[in-house]
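To start, the structure itself, in structure tokens.
The values are calculated or read from the model by the stated rules, or taken from the named source; none is laboratory data. Every value quoted in this text rests on a predicted model; they were computed, and no experiment measured them. Neighbour counts run over all protein chains shown; Cβ positions are idealised from the backbone, glycine included. Quick note on the areas: whole protein, heavy atoms, side chains included, nothing else; ligands and nucleic acids left out. Shrake-Rupley method; radii C 1.70, N 1.55, O 1.52, S 1.80 Å.
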Amino acid sequence: MPSASLRKIDCHVHLLGDGSSGSGCWLRLKSIVHRLMAQVIVREAGLPPSALREGLDALLVTRLAEQVRDSSLDAVVLLAQDLPHRDDGTPLPDQGTFYVPNSYLLAVCARHPDRFIPGVSIHPARPDAMAELERCLQAGARVLKLLPNCLNVDYSAPRHRPFWEKMAESNMILLSHTGGEHSLPVLCHRFADPRLLRFPLECGVTVIAAHCAGRSGLWDADHTAALLAMFDQWPRLFGDNSALCSPLRCRTLPQILPEPVRHRIIHGSDFPIAVSGFGPWRMGLIDRATWRRSSREPNVLERDVFLKRAIGFDDSHFTRMAQLLDNA
Ligand SMILES: [Zn+2]
């Protein structure tokens with residue numbers, strides 16, 4: 001086992017479930033689009049299509065732990081997913097596509113402490129946000145994940161100051177979605193802008209901007225330049241390269257590979273989002289043989305590691321999350 005700060009960590013892995021084990025998780029599978037997405041998720045996780053009828057909770061955790069064990073990674077940050085909330089703290093469960101409660105996430109991570117690092121999710125407008133933050137900190141959580149445009153989180157709201165200050169004083173890292181989103185319904189498009197992260201940064205929070213604020217669809221705005229312009233001012237700001245081995249998000253890769261930006265990039269896959277060499281090949285970042293070789297790797301976490309190396313991300317990008325967890 002390598003020393004703590006040399007651990008190779010995937011900082012962006014989603015836990016999902018169907019509630020079959022009493023987890024409290026749910027996945028919304030009403031529309032044909034959601035059912036198709038669920039089939040992709042199950043396939044990428046290396047599970048049979050029947051997993052959606054046969055107890056996804058337990059099957060996914062077992063399979064994911066195997067995939068981490070069989071990869072060149074040492075651990076992954078496993079993520080909960082809170083509900084969308086109104087600004088006044090009213091939960092909006094009908095607006096969510098999936099839900100993974102913190103209690104379940106913490107229990108899963110406690111069963112696999114070497115492989116899973118808990119990334120809890122707390123909407124700061126929740127009436128119990130401070131108490132839940134305290135509870136998760138007591139349970140050892142060091143990462144908090146939010147998806148502001150889909151969960152309706154207004155980072156710039158002054159009333160959230162105590163929440164960010166508590167995170168900062170507790171060395172808890174904010175992993176925030178940035179940029180557009182097309183896999184999930186968006187409640188507030190304005191919240192895709194990474195410049196809204198200024199307020200948590202001003203409060204002292206270490207922030208990882210997921211997807212480096214790139215474009216997720218064909219016509220959405222590209223916020224990557226705005227994010228990169230913030231790096232000089234905010235030494236505690238980083239970006240992850242999660243989901244960038246996908247056919248549309250791969251367009252962000254050329255912007256984050258040059259020096260010195262690449263020293264702020266952290267490895268992430270966005271499991272169970274599909275990982276393919278097609279996009280990096282189309283961008284001219286890998287050759288066709290490397291794309292073909294990547295598609296023969298059945299373990300999606302390792303396929304993403306393989307592609308990130310081939311694209312040009314070095315060893316330090318795999319260990320940067322461990323250093324943040326050590327130093328924060
Ligand atoms: Zn994600």
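Roll a 1.4 Å probe over the protein chains and send me the accessible area per residue for the stretch 120-227 in Å².
36 Å²
Under 18 Å between alpha carbons, and skipping anything fewer than 8 positions from LYS8 in its own chain: which lysines qualify?
LYS308
Can you check what the Kirkwood hydrodynamic radius comes to for the stretch 57-114, Cα pairs only, in Å to one decimal?
13.2 Å
In terms of Cα to Cα distance under 23 Å, which lysines are near enough to LYS166, apart from those fewer than 8 places away along the same chain?
LYS145
Any idea how far apart ALA221 and SER103 come out in nm if each label point goes 7 Å out from Cα toward Cβ?
A separation of 4.0 nm, rounded to one decimal place.
What share of all Cα pairs of the stretch 98-192, in percent, falls into each consecutive 5 Å distance bin?
In order of increasing distance, the bins hold 3, 13, 23, 24, 19, 13, 5, 1 percent.
Spelling out what I want: for every residue of the stretch 280-287, take phi, set θ = phi - 60°, compute 6.51 cos²θ - 1.76 cosθ + 1.60 (Karplus), and round to whole Hz; glycine and proline get x.
Rounded to whole hertz, the list is x, 5, 4, 7, x, 8, 9, 8.
Let me know the Kirkwood hydrodynamic radius for the stretch 170-328, please, with Cα pairs as the basis and the value in Å to one decimal.
15.9 Å
Counting only residues 5 or more places away or on other chains, whose amide H sits under 5 Å from the amide H of THR97 once H atoms are built in the peptide plane?
none
Please check: in the Gaussian network model of the chain (C-alpha springs, under 10 Å), which one of ARG195, ARG69, ARG296 has the largest mean-square fluctuation.
It is ARG296.
Per residue, what volume in Å³ does the Cα convex hull of the stretch 4-327 take up?
Taking the convex hull of the Cα positions in the stretch 4-327, it is 121 Å³ per residue.
Report, to the nearest whole %, how much of the accessible area of the chain belongs to carbon and sulfur atoms, 1.4 Å probe, protein only.
Summing carbon and sulfur atoms, their accessible area is 54 percent of the total for the chain.
Consider a paramagnetic label point 7 Å from the Cα of MET283 along Cα→Cβ; state which residues of the stretch 211-251 have an amide N under 11 Å from it.
212, 214-215, 241-251
If you plug each phi of the stretch 223-230 into the Karplus form 6.51 cos²θ - 1.76 cosθ + 1.60 with θ = phi - 60°, what whole-Hz ³J(HN,Hα) values come out, in order, with x for Gly and Pro?
Whole-Hz 3J(HN,Hα) from phi for the stretch 223-230: 9, 4, 4, 5, 5, 4, 5, 7.
With a probe of 1.4 Å, find how much accessible area the stretch 1-51 has per residue, and write the answer as a whole number in Å².
In whole numbers, the stretch 1-51 has 49 Å² accessible per residue.
What does the net charge come to around CYS188 if you take all other residues with beta carbon closer than 14 Å to its beta carbon, with K and R at +1 and D and E at -1?
Residues near CYS188 contribute -3 overall.
What full-extension length gain, to one decimal in nm, is calculated for ASN171 and ASP232 as 0.36 nm per residue of separation minus the Cα-Cα distance?
Result for the pair: 19.9 nm of gain on full extension.
Over the Cα atoms of the stretch 125-255, what Rg and Dmax result, in angstrom?
Here Rg and the maximum Cα pair distance are 14.5, 43 Å.
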